[in-house]
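Here the structure comes first, spelled out in C-alpha cells, and everything after it is commentary.
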Protein chains: 2
Amino acid sequence: MSKDETTEQKILEAAKRVFQKKGMGGARMQEIADEAGINKALLHYYFRNKEQLFEGIYKESFRKIFPQFNEILATDEPMEKKMATLVNNYIDMLLENPQLPSFVIYEMNREPRNFLDFIQSNEVRPKFDILVNLLEEEAKKGKIKPIPAFHIVINMIAMCVFPFAAAPMIKGIAGIDDITFNKMMEERKEIVTQFILKAIEP
Amino acid sequence: MSKDETTEQKILEAAKRVFQKKGMGGARMQEIADEAGINKALLHYYFRNKEQLFEGIYKESFRKIFPQFNEILATDEPMEKKMATLVNNYIDMLLENPQLPSFVIYEMNREPRNFLDFIQSNEVRPKFDILVNLLEEEAKKGKIKPIPAFHIVINMIAMCVFPFAAAPMIKGIAGIDDITFNKMMEERKEIVTQFILKAIEP
DNA sequence: GTCTATAACAGGATAGAC
DNA sequence: GTCTATCCTGTTATAGAC
C-alpha cells in the first residue's frame, strides 16, 4: 500500500477487502478502520455510515463481474475467437478478484430487491443479450448446434465463475495451495473454451 | 406447516430457512423465533446458543450438497447413462433446496477452516475421486477425449450448481418468475447432460 | 482531518415466574 | 415447556478537543 494514497482510497481498499470476505453482515467497521490504519471516527467522517460505504463497494463489484461484452463482440473476429477472448478475459479478471463471486452471490441472495434495483440502473446493467443474439444467429446459419443460446451463456459463465466461488472446496478436496489453484485456473482458459466450442459444434 | 410438529422441528425448519438465506452472520435469533412462532428464550431452551443451532443446519447442508456418487457409479450402466443420472439427480436435489448453493458458498468462504474440518470428517466427505477415476479409465480406453478429468467434474458441478447460486441474477436479467425459472432448470437436465457428453466425445 | 471518549442501540443470552 | 423481563457484550454512530 503506497504511502501517498489519500485516506479515502485507503478506506475504500480496506472496505473492499473486508466486505468481500465477510459480507455486509459480517464486516465490522472496526476491522475496516484497522485495515486502513485509521480509527472508526474517521471512517464515519468520510462515509456517514456502514450502509453507504457498503453500497459503493457493492456497485463497484457489479461493474467488474458483469462482463461488458460489447467491445469484444463488436470486433469482426470469428465466433470461436470471440468466445475464447471472453473466457480468457473473464478468468483473468477473476484471478485478480477471486473473492468477487462469493461476495456477489451472497449479497444478491441476501437482499435480492437491493440487487435488482442496482442492475436496473443503466450504469451496471449486464448485457448478456448481445452474446445471446450472436449465438442465435450462428445457430440459424447452421454454424453451431441449436441449443437455446441462453443456456450456452449460463454454461460459459458457470464454468468460469463457479471454481472461484467454490475455491475453498476445490483447494480442500484436491489438497492444493493457492499457487497451484491459480495455475489450474490458467489451464481452464483453454479447457473451458475448447469444452464449449466442442459442445456447440453442429 | 402442520400443527402437530414438535417445537424442535419447527425451530429447525425456521432456522434452516433463515440461516440459508442470511448466513451465520446475517441471521437473527429473533427472526428464527418469529418464523418458528415462538420467542427467543424458548429458542435458547432447545439450543444453548446460536453457534450450536447453526452447526446442525450447516452439517445437514453438506450431506445434501456433496453427492454420494457411489451408488450411481457402482451400477453397470454405460458412462453416458451414469452421467445423465448424476446430472438429473443433482438438479432435482437443487430444485428442492435452491438456497443450498449460495449458503454453502458463503460459509465456506467465510470460515474455510471450519469447512475443511467438516469435510474431513468421514460422515460428510465428498467422493469426487470415484467419478474422476471412471473418467480417466474411459479416456485411456479412448472412449472420451483426454481432458483432465478433474476439470470435467468441476464443469459438471458448475453447470448444475451455478444457476441456483446466481438465481436472483438470472431471474432479474431474464425477467422470469420462480415457476419459469424452475422449468428452465428442468430443461437444463437434458441440456447440460448433452453439453457434457458432446464436449468429451473423442 | 484526525483523534479520544462516550452515547445509543442491537442482539445473544439468562433469570425466574407460571 | 413456555413466557416476560432483563442483563451484558459488541457495534454503530456521534460529540467535542486538538
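Worth pointing out:
- Applying the condition of being under 19 Å from the mean Cα position of the chain (by Cα) and away from DNA strand D (no atom under 11 Å from the Cβ) to the stretch A:8-18 and asking which residue is nearest to the other protein chains (Cβ to nearest Cβ) yields A:Arg17.
Per-residue answers, yes or no, for (1) in contact (Cβ under 8 Å) with a residue 12 or more places away in the chain; (2) outside the structural domain of A:Lys143 (by TED's automatic domain parsing); (3) under 12 Å from the mean Cα position of the chain (by Cα):
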residue	(1), (2), (3)
A:Ala84	yes, no, no
A:Ile91	yes, no, yes
A:Ile105	yes, no, yes
A:Met108	no, no, no
A:Val124	yes, no, no
A:Leu131	yes, no, no
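- Qualifying residue in the stretch A:95-104 (condition: more than 28 Å from A:Lys189 (Cα to Cα) and either outside any helix (DSSP H, G or I) or within 16 Å of DNA strand C (Cβ to nearest atom) (or both)): no
- Identity of the residue in the stretch A:143-174, more than 20 Å from A:Gln99 (Cα to Cα) and not in a helix (DSSP H, G or I), that ends up farthest from the other protein chains (Cβ to nearest Cβ): A:Lys143
- Among the residues of the stretch B:24-42, those identified as more than 23 Å from B:Arg110 (Cβ to Cβ) and either within 14 Å of chain A (Cβ to nearest Cβ) or within 10 Å of DNA strand C (Cβ to nearest atom) (or both) are B:Ala33, B:Asn39, B:Lys40, B:Ala41, B:Leu42.
- Unique match (being within 14 Å of another protein chain (Cβ to nearest Cβ), within 30 Å of A:Glu187 (Cα to Cα) and assigned to a helix (DSSP H, G or I)) among A:Lys21, A:Lys82: A:Lys21
- Scope the stretch B:63-72; condition out of contact with any Ser or Thr (no Cβ under 9 Å at 6 or more places or on another chain), part of a helix (DSSP H, G or I) and not acidic (Asp, Glu); matching residues: B:Arg63, B:Lys64, B:Ile65, B:Asn70
- Single residue of the stretch B:43-77 satisfying the filter (in contact with a Lys or Arg (Cβ under 8 Å, 6 or more places away or on another chain) and over 19 Å from A:Met169 (Cα atoms)) that is nearest to DNA strand C (Cβ to nearest atom): B:Asn70
- Only one of B:Glu51, B:Glu80, B:Glu55 that is closer than 23 Å to B:Ala158 by Cβ and of a type in the set (D, E, K, R): B:Glu80
Yes/no matrix, rows are residues, columns are (1) among the hydroxyl-bearing types (Ser, Thr, Tyr); (2) more than 8 Å from chain A (Cβ to nearest Cβ); (3) assigned to a helix (DSSP H, G or I):
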| position | (1), (2), (3) |
| --- | --- |
| B:Tyr106 | yes, no, yes |
| B:Asn109 | no, no, yes |
| B:Arg113 | no, yes, yes |
| B:Val132 | no, yes, yes |
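- Residues of the stretch B:175-202 classified as more than 7 Å from chain A (Cβ to nearest Cβ) and in a helix (DSSP H, G or I), total: 17
- Residues (surrounded by 17 or more Cβ atoms within 10 Å (Cβ to Cβ) and outside any helix (DSSP H, G or I)) located in the stretch A:24-59: A:Ala27, A:Ile38, A:Phe47
The values are calculated or read from the model by the stated rules, or taken from the named source; none is laboratory data. Worth saying up front: this structure is predicted, and the values here are computed from it rather than measured. Note that we place each Cβ from the backbone using ideal geometry, even for glycine, and neighbour counts take in every protein chain shown.
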